[in-house]
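Inspection log for the structure reproduced underneath, given as structure tokens.
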Amino acid sequence: MKVCPITSKAISEYSRVHSVSYSVDINGKKVYFQFCEKCFYKIDFDRYRGAIFGLILNGKLDPEKQRIHWDSQNKDEFDLKKFLDESNHPKTPKEKFDNFLLKLFKHRDGRGIINYSKLLKESFVAKCYFNSFGEAEIYLKSMDKRGFVEYSGSLTPEGGGIYFPITYEGLNYIVQLEENGSESKKCFIAMAFDSRTLKIREAIKNAIIKTGFRPVVIDEENIDSDQTINDAIIAGIKNSKFCISDFSYHRNGVYFESGFALGLGKPVIYCCSEEEFSKAHFDIKPLQHIIYKSEDELEKRLIDKIEAWIK
């Protein structure tokens with residue numbers, strides 16, 4: 001009997017010819033998987049199960065689109081391990097902690113009370129990228145210990161009438177996250193600033209605004225008198241959720257700013273006009289770029305990328 005490496009449930013249908021194909025129910029959502037037979041037997045899902053559940057339930061991963069390979073060397077195949085390693089979802093304990101607290105905050109009532117029993121019925125724990133209810137409870141107890149929530153009790157799939165408030169300390173921490181942390185609504189734009197890129201700048205800004213974020217363009221910001229331009233750039237990147245880097249005309253500053261953002265763990269979206277991409281430095285060419293022929297195409301593809309990868 002074959003067993004799904006994601007859900008540990010028995011697989012009722014499969015083929016041994018070229019792939020293993022089957023469907024499973026993930027928290028009320030029917031999901032269809034198709035793995036090549038070779039990949040099926042080497043998948044390490046103990047490490048990735050929570051991420052896969054979360055990405056599927058949040059609409060960021062659709063296994064139905066094509067056959068999935070695990071750690072594929074073929075660039076034309078969908079490499080699930082590479083996708084999970086590169087996708088923008090909570091990976092570290094701090095990222096999981098912050099994401100969980102923010103999600104809880106968004107489901108509070110007018111008194112700041114969380115009805116956790118109701119959330120459990122809506123696959124909330126899985127949507128927060130946890131492997132189990134027990135893992136979620138560890139984070140809840142940590143929030144309680146830090147004074148961010150007033151939680152007591154045992155977390156179970158049934159709920160059992162669990163209600164708890166978010167405290168003033170928790171609210172203050174959330175405000176800091178939303179203003180300057182991983183949940184900031186700012187996006188830093190790194191690009192060549194001259195007359196040839198004005199339309200590119202507007203396309204990037206439009207995409208950012210239309211997806212609910214605020215563009216940070218350093219020459220449009222009010223810089224404090226005691227700050228240098230370099231200080232403002234570094235602060236702008238630190239206070240942004242993600243960065244969009246356009247390499248058209250290949251300014252050195254764009255390479256520095258995108259590298260600095262990447263070093264901070266910020267998601268970076270790489271762009272370049274089609275005619276300029278051939279001149280790009282060899283070290284960025286292997287990175288996935290949005291290569292565009294027009295500003296309209298750039299704006300549309302950026303919106304799609306932000307919606308799928310950042311939000």
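Is it the case that ASP98 is within 16 Å of the chain's Cα centre (by Cα), assigned by TED's automatic domain parsing to the domain that holds PRO165 and either at pLDDT below 85 or over 24 Å from LEU287 (Cβ atoms) (or both)?
Taking the combined requirement at face value, the residue satisfies it.
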Just the residues that are surrounded by fewer than 16 Cβ atoms within 10 Å (Cβ to Cβ) and part of a helix (DSSP H, G or I), please, taken from segment 118-132. LYS118
Confirm whether PHE164 is among the aromatic types (Phe, Trp, Tyr), farther than 24 Å from ILE291 by Cβ and either modelled with pLDDT under 90 or not in a strand (DSSP E or B) (or both). yes
Helices (runs of 4 or more DSSP H) contained entirely in segment 194-311, each with at least 1 residues that are basic (Lys, Arg) and in contact with a strand residue (DSSP E or B) (Cβ under 6 Å, 6 or more places away or on another chain): 198-210, 295-305
Would you call TYR151 at pLDDT 85 or above, farther than 28 Å from LYS241 by Cα and in a loop (DSSP other than H, G, I, E, B)? yes
Of all the helices (runs of 4 or more DSSP H) wholly in segment 42-112, which have at least 3 residues that are under 25 Å from LYS30 (Cα atoms), out of contact with any Cys (no Cβ under 7 Å at 6 or more places or on another chain) and not hydrophobic (A, V, I, L, M, F, W, C)? 45-57, 80-86
May I ask you to say which residue of SER142, SER87, SER123 is of a type in the set (S, T, N, Q), closer than 27 Å to LEU264 by Cβ and over 18 Å from the mean Cα position of the chain (by Cα)? SER142
Would it be correct to say that ARG49 is surrounded by fewer than 13 Cβ atoms within 10 Å (Cβ to Cβ), in contact (Cβ under 8 Å) with a residue 24 or more places away in the chain and over 14 Å from the mean Cα position of the chain (by Cα)? no
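The values are calculated or read from the model by the stated rules, or taken from the named source; none is laboratory data. Since we're looking at a predicted model, the values are computed, not measured. We place every Cβ from the backbone using ideal geometry, glycine too, and count neighbours over all the protein chains shown.
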